[in-house]
1. Taking the Cα centre of each part, how many Å lie between region 110-144 and region 1-48?
2. Between the helical axis of 144-153 and the dominant principal axis of the chain, each derived from Cα atoms, what acute angle in degrees is found, rounded to the nearest 10?
3. Using a/c under 1.5 as the rounded threshold, could you call region 1-115 rounded, prolate or oblate? The axes a ≥ b ≥ c are square roots of the C-alpha gyration tensor eigenvalues, and prolate needs a/b larger than b/c, oblate otherwise.
4. What's the angle, to the nearest 10 degrees (0 to 90), between helix 74-85's Cα axis and the longest principal axis of the chain?
5. Sum -39500 (n - 2.57) across every DSSP H segment of at least 4 residues in the chain, then divide by the residue count to get the 222 nm mean residue ellipticity, nearest 500.
6. Could you tell me what percent of the accessible area of the chain is made up of carbon and sulfur, with a 1.4 Å probe and every protein chain present?
7. For D97, list long-range residues whose amide hydrogen, built 1.01 Å from N in the peptide plane, is under 5 Å from its own amide hydrogen.
8. What are the residues whose amide H is under 5 Å from the amide H of F92, where those residues sit 5 or more places off or on another chain and H is modelled from the backbone?
Amino acid sequence: LPGDGETSTGRALAAWHGCGQPVVLTLRQLVREPPRLDAQPVFVCENPVVVSTAADQLGAGCAALICTAGQPGAAAMHLLRLLARAGTELRFHGDFDWGGLRIGNLLVDRLPARPWRFGSADYLAAASRGRQLVGRPVAARWDAALGTAMRETGVAVEEEHVIDDLLHDLSR
């Protein structure tokens, strides 16, 4: 996130953004001194490897990106709610596995979020790069065909396996 010059959290974000470094925000920082946020699109991923790779390859040229590090915790949800209230378009991606669909459902249920390369066509295009899908099936609330395709194919695809596509979108 680009940050701002008005709050300590915003100034810290701006400093790290300027040199293309990821930063971890705590709930305390976000509650005590929330950064001033604008309405630019923000990408949301599940896996920290996406953030690390984006920082390594794109640096400061990376679009705004937030990582939930799996199931979003209190700080991540608070930040996403702040962004939603600022009118930000939230675009989410996750692993094409049942846990990833559960996270996507949570984001769709609680935020005005839309999928980012996270539909049935995206899954089918990447399924050859996956591993065996295990666990209890889940329906994706944003794409009814996605859960069906995953059940029929029996393949899980992690974000790392589609990282080139994600980085393409994140490059400005």
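1. 28 Å
2. 60 degrees
3. Oblate shape, in that a/c is at least 1.5 and b/c is the bigger or equal ratio.
4. On a 0 to 90 degree scale, this one is about 80.
5. Helix-only estimate at 222 nm: -13000 deg cm²/dmol.
6. That share works out to 52 percent.
7. Residues meeting the criterion, in which the H sits 1.01 Å from N, are V157.
8. Answer set, sorted by chain and number: V44, R114, W116.
The values are calculated or read from the model by the stated rules, or taken from the named source; none is laboratory data. For clarity, every value in this text was computed on a predicted model and none was experimentally measured. Quick reminder, even Gly has a Cβ in these numbers, built from the backbone with ideal geometry, and neighbours come from all protein chains shown. Keep in mind that these areas ignore ligands, DNA and RNA; they rest on the heavy atoms of the full protein, side chains included. Shrake-Rupley method; radii C 1.70, N 1.55, O 1.52, S 1.80 Å.
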